[in-house]
Amino acid sequence: QVQLVESGGGLVQAGGSLRLSCAASGIIFSFIPIGWYRQAPGKQRELVARISSLGSTNYTDSVKGRFTISRNNAKNTLYLQMNSLKPEDTSVYYCAADRGGVRYWGQGTPVTVSS
């Protein structure tokens, strides 16, 4: 059974930083592409950043230069370092892993950026 558990969200002032983690189990972590998505109230879920099994990354334009996605295959953990946070980054952040044509989601961790 695939499980993804996010942590690290919270309340932070604009300009601050947070580091999100996503612990994966039930999956051969090093073989899979995995990413971070976010969903703000009343908005559609959107891709924030993804990392392939080989480590190549892509980011949505609004977070380029501020967020960094990384993975530690030995720890089966995905990270998202978020710097220079803005109020518009306020969302619930989810990690998602793809395996065999199925996308698995975590439960999400909320991030609130105050101005």
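Per-structure values
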item	result
Per-pair calculated FRET efficiency, R0 = 25 Å: Thr57 and Gln1 via Cβ, rounded to 0.05	0.35
Nearby lysines by direct alpha-carbon distance to Lys86 (threshold 29 angstrom, same-chain neighbours under 8 apart not counted)	Lys43, Lys64
The chain: Cα Rg divided by the 2.2 N^0.38 Å rule of thumb	1.00
Taking the chain and dividing mean pair separation by its residue count, relative contact order in percent (alpha carbons under 8 Å, at least six apart)	36
Per residue value of the accessible surface for segment 58-107 (all protein chains in place, 1.4 Å probe), Å²	50
Fluctuation leader among Val48, Val63, Val102 - the chain, Gaussian network, Cα springs under 10 angstrom	Val102
Förster-model FRET efficiency, 30 Å R0, Val102 and Ser17, C-beta, rounded to 0.05	0.35
Solvent-accessible area, 1.4 Å probe, carbon plus sulfur percent, for the chain	49
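The values are calculated or read from the model by the stated rules, or taken from the named source; none is laboratory data. Worth saying up front: this structure is predicted, and the values here are computed from it rather than measured. Backbone-built Cβ (ideal geometry, glycine too); neighbour counts: all protein chains shown. We work out accessible area using only protein heavy atoms, side chains counted, and drop any ligands, DNA or RNA first. Shrake-Rupley method; radii C 1.70, N 1.55, O 1.52, S 1.80 Å.
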